[in-house]
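Please read the structure below before turning to the comments.
The values are calculated or read from the model by the stated rules, or taken from the named source; none is laboratory data. Just so it is clear, the structure is predicted and the values come from calculations on it, not from any experiment. Here the Cβ is made from the backbone with ideal geometry for all residues, glycine too, and neighbour counts use every protein chain on show. All accessible areas refer to the heavy atoms of the entire protein, side chains included, with ligands and DNA or RNA removed. Shrake-Rupley method; radii C 1.70, N 1.55, O 1.52, S 1.80 Å.
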Amino acid sequence: MLLVLLASFIGSFGAVFLKSGSAKLRGGLRQILNYRLAAGVALYLLSTCFFVTAIRNGELTVLYPLVSLGYVWTMLWSRLFFKEPFTRYKFAGLSLILLGVWFIGMGNR
Amino acid sequence: MRYHGYFRSDFQPPLNDAPSTFVNPLQRTLTHRESIGLVFCCTLLGAAAQILMKIGAHNLPPGGPSAIAADPLVLLTNFALLGGLSLYGLFTLLLIFALRDGELSVIYPIIALNYVWVTILSLILFHETMNPFKAAGIGVIVLGVTILGRGGGR
């Protein structure tokens with residue numbers, strides 16, 4: 001369980017790096033090899049490794065909702081790092097997505 | 001009711017030598033709608049990648065990592081696995097472009113549509129069974145993504 005929590009945390013930072021690295025693409029396609037994007041991809045791979053290890057020996061019903069916690073972290077980071085505002089729509093949409101992922105986890109039992 | 005169709009008196013036919021309005025989408029800023037469209041394509045790619053990876057994993061020799069280490073060529077001839085991996089690469093590329101101009105807090109949660117496609121595709125391809133939880137999950141995620149996509153922009 002801790003492993004999945006860690007995976008979701010790392011994965012959300014992966015998204016943050018991808019976002020910050022993507023701004024450099026405006027300078028031209030050659031910028032695609034910048035260290036932020038590389039860090040983003042690396043963090044993603046790391047989180048996938050953790051996730052796969054966790055899912056091997058764990059109850060999927062518990063793990064699925066924990067994975068989607070990554071969306072919550074990402075929402076926090078996007079406010080913190082990119083100054084994106086919280087809106088009602090985001091809260092509503094995100095809560096429904098979390099609920100839906102939990103349902104699908106239950107359905108896959 | 002006044003007619004506001006073609007015959008407006010101020011109608012001006014476009015000039016032939018008007019400069020082209022097409023701007024390379026790689027260079028210009030994408031609209032909110034375009035970013036959402038991109039991440040939507042992303043979720044389709046991601047789902048296809050996941051399905052291919054599952055097929056590829058199924059085709060691996062029994063015996064785990066040691067069997068693969070003994071004969072690494074099985075990885076290179078496992079086309080489902082390779083296809084899945086390359087689709088993941090494409091997924092990441094599109095995601096980066098979607099993130100460039102879209103809000104992270106809007107674009108990222110939309111990836112949850114992955115769950116929807118994978119659930120539906122597993123029903124069709126792997127003959128998994130449908131149950132009320134899965135149906136509810138699909139419905140609720142689609143609703144959540146719709147709300148996020150419509151209201152998340154400016």
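Selection of segment B:141-154 for residues being buried (at least 17 other Cβ atoms within 10 Å of the Cβ) and over 22 Å from B:Ile51 (Cβ atoms) yields B:Gly144, B:Ile147, B:Leu148, B:Gly149, B:Gly152.
Considering only segment B:24-132, give the helices (runs of 4 or more DSSP H) lying wholly within it that have at least 3 residues that are at pLDDT 80 or above.
B:32-58, B:79-101, B:104-110, B:113-125
Within segment B:79-93, restricting attention to residues that are within 11 Å of another protein chain (Cβ to nearest Cβ) and hydrophobic (A, V, I, L, M, F, W, C), the residue that is surrounded by the fewest Cβ atoms within 10 Å (Cβ to Cβ) is B:Leu93. Condition (residue is touching a Gly at 6+ places or on another chain (Cβ under 8 Å), within 7 Å of chain B (Cβ to nearest Cβ) and not β-branched (Val, Ile, Thr)) applied to segment A:66-89: is it met by at least one residue? Among the residues of segment A:66-89, at least one is touching a Gly at 6+ places or on another chain (Cβ under 8 Å), within 7 Å of chain B (Cβ to nearest Cβ) and not β-branched (Val, Ile, Thr), which makes the answer yes. Only residues that are facing another protein chain (nearest Cβ under 8 Å) and open to solvent by 20 Å² or more (accessible area, probe 1.4 Å) were counted across segment B:94-134, and they come to 7. Residues that are closer than 15 Å to A:Gly14 by Cβ and hydroxyl-bearing (Ser, Thr, Tyr) were ranked within segment A:69-105; the one that is most open to solvent (accessible area, probe 1.4 Å) is A:Tyr71.
Given the condition more than 12 Å from every other protein chain (Cβ to nearest Cβ) and under 25 Å from A:Met106 (Cα atoms), answer yes or no: does some residue in segment B:55-77 qualify?
Among the residues of segment B:55-77, at least one is more than 12 Å from every other protein chain (Cβ to nearest Cβ) and under 25 Å from A:Met106 (Cα atoms), which makes the answer yes.
Any idea which residue in segment B:135-150 is farthest from the other protein chains (Cβ to nearest Cβ), counting only those that are closer than 15 Å to A:Met75 by Cα and free of Cβ contacts under 8 Å to residues at least 60 places away in the same chain?
Once the filter is applied, the top-ranked residue is B:Val145.
Residues checked against (1) over 20 Å from B:Ser105 (Cα atoms); (2) free of Cβ contacts under 8 Å to residues at least 40 places away in the same chain; (3) among the acidic types (Asp, Glu):
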| residue | (1), (2), (3) |
| --- | --- |
| A:Ser8 | no, no, no |
| A:Gly14 | no, yes, no |
| A:Leu43 | no, yes, no |
| A:Ser47 | no, no, no |
| A:Asn57 | yes, yes, no |
| A:Trp73 | no, no, no |
| A:Leu80 | no, yes, no |
